[in-house]
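Colleague: Here it is, the structure, as structure tokens.
The values are calculated or read from the model by the stated rules, or taken from the named source; none is laboratory data. These figures come from a predicted structure and were not determined experimentally. Note that we place each Cβ from the backbone using ideal geometry, even for glycine, and neighbour counts take in every protein chain shown. Note: areas computed on protein heavy atoms with side chains; ligands, DNA, RNA excluded. Shrake-Rupley method; radii C 1.70, N 1.55, O 1.52, S 1.80 Å.
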Amino acid sequence: MYLKQNGRHGGITIFLCIILSILIILETIFISGSYQRKREVILTEAVSHQVEQIISQFDRDALNWYGVYVLDDVTADHAVFDRMTESVDGSEFNYQLTDQLDNDDLRAAVSEFMRLRGLAFEGTALMDRLNISLSQLTGTDANLSVGVASVLPTLKEYVKNKKAFSAAITALQILCNTIGLGGKMKDFLDFMDQLSDIFEEHGSATLQIGDSSVMVSVFDPSCIHSLTSAFDQYLDTDLPSAVDRLLINEYAAFSFDSRVKKYESDSGMEPEMNILGIPFSDIHGQNQCDLEYLLIGASRPIDNTFMASGLLIGTRLLLNMSAFLMDSTKRTIALGISEVLSLLISIISLGTVVIEPHAIEYFILLIMAYIQSVTDSLKLVNGFSVPLFYNKKVTDTLGDFSDTSYRDYFRIFLLFVPEEQLLSRMRIVIGKDCGNLYTGVSAEGTLSGSSYRVKRRFELYENHA
């Protein structure tokens, strides 16, 4: 009986030892796995955060000068990775820049850059030509007691209830008769009636911008706030390819250095600047003639400027010749010169060669137009403006819009450059000023024998891929 009991107790002890050994092994495996998992988490987070830190070191000059996000020879010190893995031995981190900026990337960058800035740029240029400022619209100008917008409520009341203004109209009629403007009242009243009819039908409208609907009223200046909010939707929508092309063209015409060093302004001659108002002399010092390169694409600046000048003179020649053909004064002068020239030819040839003055007139006009075109080109290159069309009626009708600058012609010229070719040339110019243009980074971290690799790009380019 005793031996049986001891044998049974011995068997239980051995069984318990086996179970305990298994539990110890399992526990060891579990703990080891937990430590391994912890190291993997640390490694993953350390590599990811270090890559984000590298991405944050984008080229500030490329952004400030050209509005593009790129990486250029980033020198990372691995500080983030080292700090996050300092509690674990055997860590190592390596990375390299990847994905050089291509045409699709630049197209996405320019489109994003110009969506808002392009509207602001064109709006500012329009207001400058019209001599309109925000202070005039709001009434904050020191020389104005009220803004233009202040008349809208009164105009709105007139549209809603013209009878309420009958006394004011009568008083206005008497005043106009007194100062000699009585004959103008009928035209004024007809105009106001037409204005009233138009405003009653079209004074307010609902605009659909993206997913937003905005009620806009010509009588309510505060609706600009609603429009501003709605433009948030516009900025997130895909633009039609035609609009995209125009934005790229506008960006190219006003973001790159040209042969013009200074432009005429109200305050005198100012250095040539890019679309953000940064002088090109601050970007690359001396004149580079990049705008002409975008148009022509020759390797030597002198070739680009020569061919661009020829195209500019040719364009001015067509405009001037058309204007002179419509100008009776110019044609009279040309005919007079032709008559003298015809007489001179007859004298020199002893009467053997007779040419009718009218046959020479158009040739003289062409020479006059060419001389004027060369003069115009020189003015444009020196930063001055010239009329688009030498015709008084056209000039008076267009006002300040009739004046053209050197870059205005390139806005048209560049439309004839294929888009892919234009983007490629822009990348070359940006690269000259900003170095190698990368849009992504590939990195690998190692920790206690485990490794983790990650690749990132700027979201701007990923979203447009």
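Colleague: Just one of the numbered conditions (1) surrounded by fewer than 21 Cβ atoms within 10 Å (Cβ to Cβ); (2) at negative phi; (3) of a type outside the set (Phe, Trp, Tyr); (4) at pLDDT 85 or above is not true of residue 67; which one?
Modeller: (2)
Colleague: Hey, among 369, 334, which residue is within 19 Å of residue 312 (Cα to Cα), among the hydrophobic types (A, V, I, L, M, F, W, C) and part of a helix (DSSP H, G or I)?
Modeller: Among 369, 334, only 369 is within 19 Å of residue 312 (Cα to Cα), among the hydrophobic types (A, V, I, L, M, F, W, C) and part of a helix (DSSP H, G or I).
Colleague: OK, next. Could you tell me which numbered condition residue 74 fails, if it satisfies all but one of (1) open to solvent by 60 Å² or more (accessible area, probe 1.4 Å); (2) part of a loop (DSSP other than H, G, I, E, B)?
Modeller: For residue 74, the exception is condition (1).
Colleague: Residue 318 fails exactly one of the following numbered conditions: (1) open to solvent by 40 Å² or more (accessible area, probe 1.4 Å); (2) in contact with a helix residue (DSSP H, G or I) (Cβ under 8 Å, 6 or more places away or on another chain); (3) not β-branched (Val, Ile, Thr). What is the number of that condition?
Modeller: Every condition holds for residue 318 apart from (2).
Colleague: Here is a further query. Restricting attention to region 269-283, and to residues there that are in contact with a Lys or Arg (Cβ under 9 Å, 6 or more places away or on another chain) and at pLDDT below 85, which single residue is surrounded by the fewest Cβ atoms within 10 Å (Cβ to Cβ)?
Modeller: 276
Colleague: From 81, 58, 113, which residue is of a type in the set (Phe, Trp, Tyr), modelled with pLDDT of 80 or more, part of a helix (DSSP H, G or I) and touching a strand residue (DSSP E or B) at 6+ places or on another chain (Cβ under 8 Å)?
Modeller: None of the other options fit; the residue is 81.
Colleague: Right, another one. Hey, any hits in region 250-259 for a residue that's surrounded by 15 or more Cβ atoms within 10 Å (Cβ to Cβ), over 20 Å from the mean Cα position of the chain (by Cα) and not aromatic (Phe, Trp, Tyr)? Explain how you work it out, then say what you get.
Modeller: Within region 250-259, the subset surrounded by 15 or more Cβ atoms within 10 Å (Cβ to Cβ) is 250-259.
Those still in the list that are over 20 Å from the mean Cα position of the chain (by Cα) too: 259.
Pick out the ones that are also not aromatic (Phe, Trp, Tyr) and you get 259.
So far as region 250-259 goes, yes, one or more of its residues are surrounded by 15 or more Cβ atoms within 10 Å (Cβ to Cβ), over 20 Å from the mean Cα position of the chain (by Cα) and not aromatic (Phe, Trp, Tyr).
Colleague: Same structure, new question: If you go through region 79-97 one residue at a time, do you hit one that is touching a His at 6+ places or on another chain (Cβ under 6 Å) and of a type in the set (Gly, Ala, Ser)? Write out each step before concluding.
Modeller: Of region 79-97, the ones touching a His at 6+ places or on another chain (Cβ under 6 Å) are 80, 93.
Filter once more, so that each one left must be of a type in the set (Gly, Ala, Ser): none.
No - not one qualifying residue is present in region 79-97.
Colleague: Anything in region 298-331 that is among the charged types (D, E, K, R), part of a loop (DSSP other than H, G, I, E, B) and over 30 Å from residue 423 (Cβ atoms)? List them, or say none. So that I can check it myself, show each step before the final result.
Modeller: Going residue by residue through region 298-331, those that are among the charged types (D, E, K, R) are 300, 303, 316, 327, 330-331.
Restricting the remaining residues to those that are part of a loop (DSSP other than H, G, I, E, B) gives 300, 327.
The answer is 327, and nothing else.
Colleague: How about region 55-114: which of its residues are aromatic (Phe, Trp, Tyr) and closer than 21 Å to residue 454 by Cβ?
Modeller: So in region 55-114, the residues aromatic (Phe, Trp, Tyr) come out as 58, 65-66, 69, 81, 93, 95, 113.
Matches in region 55-114: 58, 69, 81, 93, 95.
Colleague: If you go through region 353-362 one residue at a time, do you hit one that is acidic (Asp, Glu), more than 30 Å from residue 411 (Cβ to Cβ) and open to solvent by 80 Å² or more (accessible area, probe 1.4 Å)?
Modeller: yes
Colleague: Quick one: residue 126 ticks every box in (1) at pLDDT below 90; (2) in contact with a helix residue (DSSP H, G or I) (Cβ under 7 Å, 6 or more places away or on another chain) except a single one, so which number is it?
Modeller: For residue 126, the failing item is (2).
Colleague: Residue 295: assigned to a helix (DSSP H, G or I) and open to solvent by 30 Å² or more (accessible area, probe 1.4 Å), yes or no?
Modeller: No, not satisfied.
Colleague: Sticking with this structure for a sec: Quick one: would you say residue 424 is in a helix (DSSP H, G or I), of a type in the set (S, T, N, Q) and within 30 Å of residue 341 (Cα to Cα)?
Modeller: no
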